[in-house]
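Read through the structure below, which is laid out as structure tokens, and then see the notes.
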Amino acid sequence: MPTAAPAPRLEIAVQDVDGVRVAAAGGADRVELCQALAVGGLTPSVGLVEVATTVGPDVHVLVRPRPGGFVYTATEVSVMVRDVEALVDAGASGVVVGALTLDDGAPALDRHALKALVRAAEGRPVTVHRCVDVLLGAPHRLEPADLVEQLLALGISRVLTSGGAPRALEGTPVLGALVGAAAGRLEIMAGGGVHPEHLAALAEAGVDAIHLSARAAATDAGPAGPGGGPDSYDRTDPDLVAAARAAIDAGAG
């Protein structure tokens, strides 16, 4: 009788210590820690990482110096390398990075930047984030097998992707192809517009992990005044984390 595939691991993207606690209490296997999820996430402070690593599961930290696209200057890459070094020293279990370059106008992985970031991680697992969806999606359509081999050659442990689609649910054919090409050598993590009701379909694609932010309506943080931006911010919703955990456990049952 064939052995059942293990259930996907659950990763929750969080942006504060309370989010780490909620993810841990809800049964997340790890968290991706960042700040400014509203713009896709930015590098958190060293102080936040130091505290977060004491209260929850494995903390993998996003290193992204600014919003916008993923083509970085040499100065920005230097900042990212220094951030990785500092975050590893602060106790991060791993880092989440990404960088692209333009080759005659066509995007490609920035191998020079990614090699430098892997070296800076000093053996911690390195995840490449959804910058790869620029390559997998239209109009570029990089073959999943080619992406897998490129990432493995760079020493990458894991890739977070929607399969090049706006949402991971719509990218399941590509996610399945990535799983097949990786053959256990690279962890394939589905992410992008994921809700608990999507987890069964994503698990059927064979992914190793599923990533979602589980964000709820904004929380009132008191008056911000004319210089502080909105008076509220998104928080990690314990009910959404619990629903995601339950969906994964139901599929494994």
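The values are calculated or read from the model by the stated rules, or taken from the named source; none is laboratory data. All values derive from a computational prediction rather than experimental measurement. Counting neighbours? That spans all protein chains shown, and the Cβs are built from the backbone with ideal geometry, glycine included. The area values use the complete protein model at the heavy-atom level, side chains included, leaving out ligands, DNA and RNA. Shrake-Rupley method; radii C 1.70, N 1.55, O 1.52, S 1.80 Å.
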Mind checking which pairs have a first residue in the range 175-187 that is closer than 13 Å to I156 by Cα and a second that is polar (S, T, N, Q) and open to solvent by less than 30 Å² (accessible area, probe 1.4 Å), Cβ under 9 Å, 6 or more apart or different chains? E187/T127
Answer with yes or no whether A217 is farther than 21 Å from P6 by Cβ and in contact with a Phe, Trp or Tyr (Cβ under 7 Å, 6 or more places away or on another chain). no
Is there a residue in the range 172-190 that is of a type in the set (S, T, N, Q) and over 18 Å from V22 (Cβ atoms)? yes
Which pairs turn up if I take residues in the range 217-234 that are closer than 17 Å to Q15 by Cα and look for partners that are assigned to a loop (DSSP other than H, G, I, E, B) and of a type in the set (D, E, K, R) with beta carbon separation below 9 Å, at least 6 apart in sequence or on another chain? A217/D237; A218/D231; D220/D231; A221/D231; Y233/D16
Select from the range 214-253 the residues that are charged (D, E, K, R) and outside any helix (DSSP H, G or I) and write down the one among them that is modelled with the highest pLDDT. D237
For the range 113-145: of the residues being touching a residue at least 60 places away in the same chain (Cβ under 8 Å) and not in a helix (DSSP H, G or I), which is most open to solvent (accessible area, probe 1.4 Å)? R130
Reported set for the range 153-192 where residues are in a strand (DSSP E or B) and of a type outside the set (V, I, T) is R158, L160, E187, M189, A190, G191
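Checking the condition modelled with pLDDT of 95 or more, under 20 Å from A28 (Cβ atoms) and not aliphatic (A, V, I, L, M), which residue from G184, G180, G206, G191 passes?
Only one candidate passes the filter, namely G191.
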Given (1) at pLDDT 95 or above; (2) in contact with a Gly (Cβ under 7 Å, 6 or more places away or on another chain), number of the condition G98 does not satisfy: (2)
Looking at (1) under 22 Å from A38 (Cα atoms); (2) open to solvent by less than 40 Å² (accessible area, probe 1.4 Å), which is the one condition that is false for A217? (2)
Could you please give the count of residues in the range 222-251 that are farther than 17 Å from G191 by Cα and either β-branched (V, I, T) or surrounded by 12 or more Cβ atoms within 10 Å (Cβ to Cβ) (or both)? 14
